[in-house]
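Everything on this sheet refers to the single structure shown next.
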Amino acid sequence: MRRKIINGLKLLFTPVAVAFLLYFAWQSKDELANLISNASLSYLGFAAVVWGLLHGLSPLLAVIVFNACGSKVSWQQAFSTHAARLPARYLPGGIWHTVGRVMDYREQGVQPRHLTAFVVLENGLAAAVTLAIGGAIVFAMRGTDSLGSVAGLSSIAGIVALPTIGFLLNSRVLQQPDRLSFFAYTKTVGAVVLFWAVATLAFLLYINAFPASAGAYSSVEMGGIYLFSWGVGFVSIFAPQGVGVFEFVASKLMGGPIGFMGLAALIAGFRVVVLAADLVVWLIYQAMRRRN
């Protein structure tokens, strides 16, 4: 019953969130048209390229986790599995890319408990790292106001979650001799931090393509806002891929001359850049697969 309720909320929330973002874009069409007409195409192009290159880092977590547990998976295998399933990211529900990869890895001989550890680490560490780093930066910016306090508590929760996730996996999921060593777990966390550092760079390039859009924040502050907003959207289980929640939180934190609605619609445009990069990577993979 709980799963049915959550799935129903996801199906309901996504079109509602998209409708509101489209409404925001329509209400701010003049400001957005002016921003787009003066946008830096080079920055937009670099943002798409950086996000496309990010797919080379995406398989790294699977390689580290599976090999540390004893299921041998190469980077080539992990990348093929990741790239082949990219269209599933955009199916309703927001879980099908993970489901598809798990099925593929199972067919490649990865043990079920190793797959469980991978899914927990991929999702748990993404939330912990983004909230820990992003929340700390937002708290430093905002202090103890309402959003600042939430960010500070989120950062503490993310920091506490980092060792807790590893401990619970080793005690409840994995068995000897496939438990993650401290070194292997540290590498896993490092891979996630590296991934989100590059993802933040792509977002900064996108925002800098519209220099008059947001408030006067430094790159570190803008990066913190992105990470914290994405983390909040991610843990909002009713919002697949944080649609609507990410844009709402980020635009509330950034502020700017184009207003809340215009900024939310502009931030939502980053998803278009991500979609374009995902599509290009998937097409390149398909072309290479046919050639081979």
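Name every residue in the range 176-208 that is of a type in the set (V, I, T) and within 30 Å of L35 (Cα to Cα), in order of residue number. Full working, then the answer.
So the first thing to find is which residues in the range 176-208 are of a type in the set (V, I, T), and the list is 186, 188-189, 192-193, 198, 200, 207.
Matches in the range 176-208: V198, T200, I207.
Out of F248, F238, which single residue is more than 24 Å from G45 (Cα to Cα) and modelled with pLDDT of 90 or more? Working first, answer last.
Working: F238 fails: modelled with pLDDT of 90 or more.
So the residue among F248, F238 that is more than 24 Å from G45 (Cα to Cα) and modelled with pLDDT of 90 or more is F248.
Could you tell me how many of the residues in the range 143-152 are within 10 Å of F228 (Cβ to Cβ) and either buried (at least 19 other Cβ atoms within 10 Å of the Cβ) or more than 22 Å from the chain's Cα centre (by Cα) (or both)? Before you say what the answer is, go through the steps one by one.
The first filter runs over the range 143-152 and keeps only residues within 10 Å of F228 (Cβ to Cβ), leaving 147, 150-151.
Next, only the ones that are either buried (at least 19 other Cβ atoms within 10 Å of the Cβ) or more than 22 Å from the chain's Cα centre (by Cα) (or both) stay: 151.
The qualifying residues number 1.
Within the range 22-95, considering only helices (runs of 4 or more DSSP H) that don't extend past its boundaries, which have at least 2 residues that are within 21 Å of D278 (Cβ to Cβ) and touching a helix residue (DSSP H, G or I) at 6+ places or on another chain (Cβ under 9 Å)?
Values: elements: 29-37, 41-54, 58-69, 75-84.
Here the list reads 41-54, 58-69, 75-84.
So that you can scan it fast, the table gives a plain yes or no per residue for (1) touching a residue at least 40 places away in the same chain (Cβ under 8 Å); (2) farther than 18 Å from E221 by Cβ; (3) in contact with a Lys or Arg (Cβ under 8 Å, 6 or more places away or on another chain):
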| site | (1), (2), (3) |
| --- | --- |
| Q241 | yes, yes, yes |
| V245 | yes, yes, no |
| K252 | yes, no, no |
| P257 | yes, no, no |
| M261 | yes, yes, no |
| L266 | yes, no, no |
| G269 | yes, yes, no |
| V273 | yes, yes, no |
| A277 | yes, yes, no |
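Of the conditions (1) under 17 Å from the mean Cα position of the chain (by Cα); (2) among the charged types (D, E, K, R); (3) exposed (fewer than 14 other Cβ atoms within 10 Å of the Cβ), D30 satisfies every one except a single condition; which number is it?
Failed condition: (1).
Which is of a type in the set (A, V, I, L, M), modelled with pLDDT of 95 or more and under 28 Å from S236 (Cβ atoms), of V99, V138, V173, V63? Please lay out each step first, then the result.
On the way: V99 fails: modelled with pLDDT of 95 or more; V173 fails: modelled with pLDDT of 95 or more; V63 fails: under 28 Å from S236 (Cβ atoms).
V138 is the lone residue from the list that is of a type in the set (A, V, I, L, M), modelled with pLDDT of 95 or more and under 28 Å from S236 (Cβ atoms).
Restricting attention to the range 197-238, which residues are within 25 Å of G143 (Cβ to Cβ) and aromatic (F, W, Y)? Working first, answer last.
In the first step, residues of the range 197-238 are kept if they are within 25 Å of G143 (Cβ to Cβ); the result is 200, 203-204, 207, 213-236.
Hits for the range 197-238 are F203, Y217, Y226, F228, W230, F234.
Suppose we keep only residues that are surrounded by 13 or more Cβ atoms within 10 Å (Cβ to Cβ) and among the charged types (D, E, K, R) within the range 153-182. Which one would you say is farthest from N123 (Cα to Cα)?
Among residues in the range 153-182 that are surrounded by 13 or more Cβ atoms within 10 Å (Cβ to Cβ) and among the charged types (D, E, K, R), the one farthest from N123 (Cα to Cα) is D178.
Among the numbered conditions (1) under 18 Å from A126 (Cβ atoms); (2) touching a Leu at 6+ places or on another chain (Cβ under 8 Å), tell me where P240 comes up short.
If we test P240 against (1) under 18 Å from A126 (Cβ atoms); (2) touching a Leu at 6+ places or on another chain (Cβ under 8 Å), just (2) comes out false.
Scanning the range 64-105 for residues that are aromatic (F, W, Y) and within 18 Å of the chain's Cα centre (by Cα), which turns out surrounded by the fewest Cβ atoms within 10 Å (Cβ to Cβ)? First the steps, then the outcome.
So the first thing to find is which residues in the range 64-105 are aromatic (F, W, Y), and the list is 66, 75, 79, 90, 96, 105.
Of the ones still in play, those that are also within 18 Å of the chain's Cα centre (by Cα) are 79, 90, 96.
On the way: F79: 20, Y90: 14, W96: 16.
Going through the qualifying residues, I end up with Y90.
Within the group V110, V120, V102, which residue is outside any helix (DSSP H, G or I), under 26 Å from V281 (Cβ atoms) and free of Cβ contacts under 8 Å to residues at least 60 places away in the same chain? Before you say what the answer is, go through the steps one by one.
On the way: V120 fails: outside any helix (DSSP H, G or I); V102 fails: outside any helix (DSSP H, G or I).
Being outside any helix (DSSP H, G or I), under 26 Å from V281 (Cβ atoms) and free of Cβ contacts under 8 Å to residues at least 60 places away in the same chain holds for just one of V110, V120, V102, which is V110.
In the range 183-194, what count of residues is obtained for those that are closer than 12 Å to L121 by Cβ and not small (G, A, S)?
Residues that pass the stated criteria total 5.
What helices (runs of 4 or more DSSP H) completely inside the range 212-292 contain at least 2 residues that are within 17 Å of G134 (Cβ to Cβ) and of a type outside the set (K, R)?
Details: elements: 219-235, 245-254, 259-268, 270-291.
Filter on the range 212-292 gives 219-235, 245-254.
Could you identify the single residue in V281, V232 that is within 17 Å of A202 (Cα to Cα) and modelled with pLDDT of 90 or more? Explain how you work it out, then say what you get.
Values: V232 fails: within 17 Å of A202 (Cα to Cα).
Matching residue, one of V281, V232: V281.
Hey, any hits in the range 3-23 for a residue that's at pLDDT 90 or above, hydroxyl-bearing (S, T, Y) and under 22 Å from A214 (Cβ atoms)?
Quick first cut of the range 3-23, residues at pLDDT 90 or above only: none.
Within the range 3-23 (the criterion being at pLDDT 90 or above, hydroxyl-bearing (S, T, Y) and under 22 Å from A214 (Cβ atoms)), the answer is no, since none of the residues qualifies.
The rows are residues; the columns are (1) acidic (D, E); (2) farther than 21 Å from E221 by Cβ; (3) touching a Phe, Trp or Tyr at 6+ places or on another chain (Cβ under 7 Å); (4) part of a helix (DSSP H, G or I).
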position: T144; (1), (2), (3), (4): no, no, no, no
position: V150; (1), (2), (3), (4): no, no, no, yes
position: L162; (1), (2), (3), (4): no, yes, no, yes
position: Q176; (1), (2), (3), (4): no, yes, no, no
position: R179; (1), (2), (3), (4): no, yes, no, no
position: Y185; (1), (2), (3), (4): no, yes, no, yes
position: T188; (1), (2), (3), (4): no, yes, no, yes
position: F195; (1), (2), (3), (4): no, no, no, yes
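The values are calculated or read from the model by the stated rules, or taken from the named source; none is laboratory data. Values in this document were obtained by computation on a predicted structure and should not be read as measured data. Glycine also receives a Cβ, built like all others from the backbone with ideal geometry; neighbour counts cover every protein chain displayed.
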